[in-house]
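K.L.:
I am attaching a structure below and will ask some questions about it afterwards.
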Amino acid sequence: MELPFITPLVGKIVWLAGVIGWFIIRYPHDRRARRTPKARRYVGIRELISLAISASGLGLIPAVYVFAGAPRFADYPFSIVAAILGTAIFAFALWLFHRTHTDLGRNWSVTLEVRNQHSLVTEGVYNRVRHPMYSAFWLWGVAQAALLPNWIAGLAGLVGFGTLFFLRVGNEERMMLETFGDEYRDYMKRTARIIPGIY
Ligand code: SAH
């Protein structure tokens, strides 16, 4: 494809813009979450370690690549098609991330928590998958791999978030079952985890 203005630098800028957009979307929800009372917290050392691994893979390691070009030995040739796909995927992930925050409202929290007045959300983007916010993070990981032509920086997001996801999702569903019982059991029966109809 003859699109000479799409260079590796553009891929890096799109990645950075996506991450900044992610923080802008989350900021007001983070502030509100701090003020919302909690009924139960499930924060253990495992939860904190998995959050740190995820943040390294989606943030720290690719940031070192974007700003310092390291580790150079893991570079591979840049692809314009991959960069365009990565941009579209990151845009969709940002939209989905925004929607999950609007739908979850006060029920959202960074770690596993149940609020005093927690309600089970099953509509909007929660209608067909029960972890659409995690779908959005997976898509960030896919977009990162497409935008950054470096084996380590590109794949770090999928490995980092994947670690958090698989360490957490079972516990989260157990917590929701304890809290909502049959209501959540029925919801599980008619939804997938992160990909509608598939998984
Ligand atoms: N796993 C969800 C939510 C991530 S935020 C997603 O990927 O979209 C994590 C918090 O959201 C958990 O502490 C839990 O209390 C809350 N939560 C998860 N699913 C929910 C639902 N369907 N309705 C209301 N709250 C939910």
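No lab work stands behind these numbers, since they all come straight from the coordinates. In this text, all values refer to a predicted model and were calculated from it rather than measured experimentally. When we count neighbours, we look across all protein chains shown, and the Cβ atoms used for this are built from the backbone with ideal geometry, even at glycine.
K.L.:
Can you compute 3J(HN,Hα) from phi for each residue in segment 163-171, using the Karplus curve 6.51 cos²θ - 1.76 cosθ + 1.60 with θ = phi - 60°, rounded to whole Hz and x for Gly and Pro?
P.N.:
4, 4, 4, 6, 6, 9, 4, x, 5
K.L.:
Still on this model: Can you check how the C-alpha radius of gyration of the chain compares to 2.2 N^0.38 Å, as a plain ratio? Can you show the working numbers first?
P.N.:
Values: Rg = 17.9 Å, N = 199, 2.2 N^0.38 = 16.4 Å.
Taking the Cα Rg and dividing by 2.2 N^0.38 Å, one obtains 1.09.
K.L.:
Can you work out ³J(HN,Hα) from phi for every residue in segment 30-39, in order, using Karplus 6.51 cos²θ - 1.76 cosθ + 1.60 and θ = phi - 60°, giving whole Hz and x for Gly and Pro?
P.N.:
5, 4, 5, 4, 4, 8, 8, x, 10, 8
K.L.:
Here is a follow-up. Would you work out which of T100, Y27, I89 lies farthest towards the positive end of the dipole of the chain? Charges go on Cβ: Lys and Arg +1, Asp and Glu -1.
P.N.:
Most positive-ward Cα: Y27.
K.L.:
Taking H placed 1.01 Å from N in the peptide plane, check which residues at least 5 places from K38 or on another chain put their amide H under 5 Å from its amide H.
P.N.:
Sorted by chain and number, the residues that satisfy this are N116.
K.L.:
What is the gain in length, in nm to one decimal, between W151 and R174 on full extension, counting 0.36 nm per residue of separation less the C-alpha to C-alpha distance? Don't jump to the answer; show the numbers that get you there.
P.N.:
Values: separation 23, 0.36 × 23 = 8.28 nm, distance 3.49 nm.
Taking W151 through R174 to full extension adds about 4.8 nm, to one decimal.
K.L.:
Return the sequence-ordered ³J(HN,Hα) values of segment 44-59 in whole Hz as given by the Karplus equation 6.51 cos²θ - 1.76 cosθ + 1.60 applied to θ = phi - 60°, using x for Gly and Pro.
P.N.:
Taking θ as phi minus 60°, the curve returns x, 5, 4, 5, 5, 5, 5, 5, 5, 5, 5, 5, 5, x, 8, x Hz for segment 44-59.
K.L.:
Turning to a different aspect of this structure: Report the charge-dipole magnitude of segment 133-199 in Debye, nearest 20, computed about the Cα centre from +1 at each Lys and Arg Cβ and -1 at each Asp and Glu Cβ. Write down the numbers at each step before the final one.
P.N.:
On the way: 6 positive and 6 negative charges, 38 e Å.
Charge dipole of segment 133-199: 180 debye, to the nearest 20.
K.L.:
Per-residue ellipticity at 222 nm for the chain, helices alone: DSSP H runs ≥ 4 residues times -39500 (n - 2.57), over residue total, nearest 500 deg cm²/dmol? Provide the component values of the computation, followed by the final result.
P.N.:
Numbers: 7 runs with 126 residues, N = 199.
Taken over the chain, the calculation gives -21500 deg cm²/dmol.
K.L.:
Nearest 20 debye, what's the magnitude of the dipole of the chain about its Cα centre given +1 on Lys and Arg Cβ and -1 on Asp and Glu Cβ? Let's see the in-between values first.
P.N.:
Details: 22 positive and 13 negative charges, 124 e Å.
Rounded to the nearest 20 debye, it is 600 debye.
K.L.:
Once both labels are modelled 7 Å past Cα along the beta-carbon direction, what's the W95-F73 spacing in nm?
P.N.:
4.2 nm
K.L.:
Further question on the same structure: Out of residues 5 or more away from L112 or on other chains, whose amide H comes under 5 Å of its own, with H placed 1.01 Å from N in the peptide plane?
P.N.:
Result for L112 returns Y42.
K.L.:
Using modelled backbone amide H atoms (1.01 Å from N, in-plane), which distant-in-sequence or interchain residues come within less than 5 Å of N150's amide H?
P.N.:
Sorted by chain and number, the residues that satisfy this are Y76.
K.L.:
Shape call for segment 31-140 from the C-alpha gyration tensor, a ≥ b ≥ c root eigenvalues: rounded (a/c under 1.5), prolate (a/b greater than b/c) or oblate?
P.N.:
Working: a/c = 3.08, a/b = 1.63, b/c = 1.89.
Judged from the Cα gyration tensor, segment 31-140 comes out oblate (a/c at least 1.5, b/c at or above a/b).
K.L.:
Hey, another quick one. So between F166 and Y199, what do we pick up on full extension, going 0.36 nm a residue minus the alpha carbon distance?
P.N.:
Numbers: separation 33, 0.36 × 33 = 11.88 nm, distance 1.30 nm.
This chain segment gains 10.6 nm when fully extended.
K.L.:
Hey, another quick one. Using label points projected 7 Å from each Cα along Cα→Cβ, tell me how many nm separate D186 and I45, to one decimal.
P.N.:
Distance between label points: 4.2 nm.
K.L.:
Separate question: State, as an integer percentage, the relative contact order of segment 31-186 based on alpha-carbon contacts under 8 Å between residues 6 or more apart. Walk me through the numbers on the way to the answer.
P.N.:
Numbers: 181 pairs, mean separation 60.0, N = 156.
After rounding, I find 38 percent.
K.L.:
Continuing with the same structure: For the residue pair R34 and N107, what label-to-label distance in nm results when each label sits 7 Å from Cα along the Cα-to-beta-carbon direction?
P.N.:
The modelled label-to-label distance comes out at 2.5 nm.
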